[in-house]
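For reference, the structure discussed in these notes is given below.
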Amino acid sequence: MFKRFMTRLRGYAERFPDVRKGGNHQLYTVSDACLSAFGVFFTQSPSFLAYQREMRVRQGRDNAQSLFGVSAIPCDNQIRNLLDPVAPSHVGGLYWETFADLQAQGLLDDHHGFAQQWLCALDGVQYFSSDAIHCDHCTRRLKGDKTRYTHSVIAPVLVAPGHDYVISLEPEFITPQDGADKQDSEQAAMRRWLEQHTCRFAPGSLTVLTDDLHSHQPACAWLREHHCHFIMVCLPESHPFLYEQVAELTKLKLIREIVATHWNGRHRERWTYRFVNDVLLRDSADAITVNWCELIIVREDTQAQVYHNTFITDHRLTDQSVAPIVASGRARWKTENENHNTLKNHGYHLEHNFGHGQQHLAALLLSLNLLAFLLHTVLTLTDAAYQQVRHALGARRTFFDDIRTLTRYLYFESWAALLAFMSHGLELDRPP
C-alpha cells in the first residue's frame, strides 16, 4: 500500500498548477516540492530534507528520492513558494481512493456502528493562530483592540466503537467564501462537506456524529432530507425547550430507563440509560421531532459518577437499540483522542506553523500532514512488516526516532527495504 499511495500522490502532484513564468532556471518542480513536504510529515523529521541533501552530496543518492520520489530537493523557502498557489482540493481525491482501497480489501468490514452504519465524526480544529501573520484566507477575530488571525478546518474521520484507529477523509477548510458577506463558520463548512460528499455513501448508510454546536434544527432537518442519520450531543443549556419536555415526561414516568452492570477490568460500574422518542427539538410550529437519550456511569464501590452525556438522534430508541446507539455516539470522542490529540501531540505538530503563505500554503501543508497520518493508519491495517516492527518497538515515538536516525545515516532503496532492515536488527521472524 505504501508504493501505491506514493504513486498516486506523485500523480496528483504532477498535475499541480505551476504559476511560474517559463525560464531556464527552474531547477525544482512543484511535484518535488509536494513530495518533499510529504516526506517531512511522513517521517516526522523536520530535518529530513537537510539530511537527504547531505547524503546526496556524499553518496550521490538519498532517501527522499528512493522513498518519496523526489528528483531534486528544494529548500524550505522554495517549497513554500512553489506550493502556496496550490489549493488543497488538488489532493482531495487521494483520501477517497484510499478509503475505496480499504473497503475493497475488506479491512473496514467491521468498522461500523449501530445497524452497520458508517459513523462520520465532524469536528472543527484550529491549526494556525497569529496576531501578525495573515492572508486573505484567514478568519479574523477581534480581541480587544487586536485582531487575531486563525485557520481552522473540519477534519472528518470514520470512527467505530471498539476500534482505536480512525480513517481520515477529505477535509473542508473554514475560510472566507467567494461572494459571502459574513465570515465562514464551522457550521457552514460542515454543510459544504456534506453537500459534496454524502453521495459517496449509500443512501441511509451514513450517521453523522457532532458535538452540541450542530445539534439544532437546520442541521438535523438537512441530514434527514439527504438520507443521512445523526447522533449529536445535546446539552440542556442550549436546548431548554427540549429539556422542559424531558422534565415533564420524567414526572409522568414516561422516560424509559435501562440499567446494566459492567466490569471495566478494575471495578464494577452501573450504566443507566434513559431515553424517549419523539420530542420536539425546539419551540416552534415547524419543529421536528428527535429521539433523546442519556447515559450515566457510576462506580458501584464509591458511587462516584465517572461519565454523563446526552444525545439526540433520528435512530429509533428501544431497550435493545439504546446501548449500541449511545456507543456509536460516544465513538465521536475518538476524533479528539485518536485524531486531534495524536495530530497535535504525537509527532504531527498540527498547530505548528510550517509555513503560512499568502494563498493556500497553510491549508495544503495541513492536508499533506493529514495524508501522512492516513498513510500511517493504512500501514497499520495492511503492512505486516510495519505492524511487526511497531509492535516490537512499543511506543510510537521510538519507531519514528529510529526512522529519523536510520534515514539520516543509511540509504534504503525502498520502504520495504527499510522495514526489512529494522526487522532484521530486532531479530524478528519474517512476517507471513
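Numerical summary
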{"item": "Count, lysine Cα pairs under 27 Å in the chain, 8 or more residues apart or across chains", "result": "6"}
{"item": "Overall form of the stretch 47-164 per C-alpha gyration tensor (a/c, 1.5; a/b vs b/c)", "result": "oblate"}
{"item": "Loop sites in the stretch 247-339: GluC sites (Glu not before Pro), DSSP, at most 15 other Cβ within 10 Å", "result": "300"}
{"item": "Sorted peptide list for 46-53, 78-85, criterion being average Cβ within 10 angstrom, highest first", "result": "78-85, 46-53"}
{"item": "Label-point separation, residue 287 to residue 136 (7 Å along Cα→Cβ), nm", "result": "4.5"}
{"item": "The stretch 195-253: chymotrypsin sites (Phe, Trp or Tyr not before Pro) falling in loop per DSSP and having at most 16 other Cβ within 10 Å", "result": "201"}
{"item": "Environment charge at residue 226 (Cβ cut-off 11 Å; Lys +1, Arg +1, Asp -1, Glu -1)", "result": "0"}
{"item": "Cβ-Cβ FRET estimate between residue 387 and residue 185, R0 fixed at 41 Å, reported to 0.05", "result": "0.50"}
{"item": "Shape parameters for the stretch 208-315, alpha-carbon atoms, Rg then Dmax in Å", "result": "15.4, 50"}
{"item": "The chain: C-alpha pair distances exceeding 30 Å, %", "result": "51"}
{"item": "Length added when fully stretched, residue 3-residue 200, from 0.36 nm per residue minus Cα-Cα", "result": "68.4 nm"}
{"item": "Residue order, fewest to most beta carbons within 10 Å, for 172, 413", "result": "413, 172"}
{"item": "Gyration tensor (alpha-carbon) shape descriptor, the stretch 112-209, a/c threshold 1.5", "result": "prolate"}
{"item": "Pairs of Cα atoms farther than 17 Å apart, the stretch 51-111, %", "result": "63"}
{"item": "Proxy reagent accessibility, fewest Cβ within 10 Å first, across 365, 379, 252", "result": "252, 379, 365"}
{"item": "Label-point separation, residue 319 to residue 26 (7 Å along Cα→Cβ), nm", "result": "7.1"}
{"item": "Least to most buried among 311, 354 (fewest other Cβ within 10 Å first)", "result": "354, 311"}
{"item": "FRET efficiency, residue 413 to residue 301 (Cβ-Cβ, R0 41 Å, nearest 0.05)", "result": "0.10"}
{"item": "Efficiency of FRET from Cβ geometry, residue 248 and residue 224, R₀ 22 Å, rounded to 0.05", "result": "0.30"}
{"item": "Under the span-like rule (Cα at least 27 Å along the axis, Kyte-Doolittle mean at least 1.6), DSSP H helices of the chain", "result": "361-382"}
{"item": "Radius of gyration, Dmax [the stretch 89-343; alpha carbons; angstrom]", "result": "19.8, 60"}
{"item": "Highest-first arrangement of 390-397, 419-426, 69-76, 153-160, where packing means the average Cβ count within 10 Å", "result": "153-160, 69-76, 419-426, 390-397"}
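Only the coordinates and a few stated rules stand behind these numbers; no lab work does. Only a predicted model underlies this, so the values are computations on that prediction, with no experimental measurement involved. Virtual Cβ from ideal backbone geometry, glycine too; neighbours counted across all protein chains shown.
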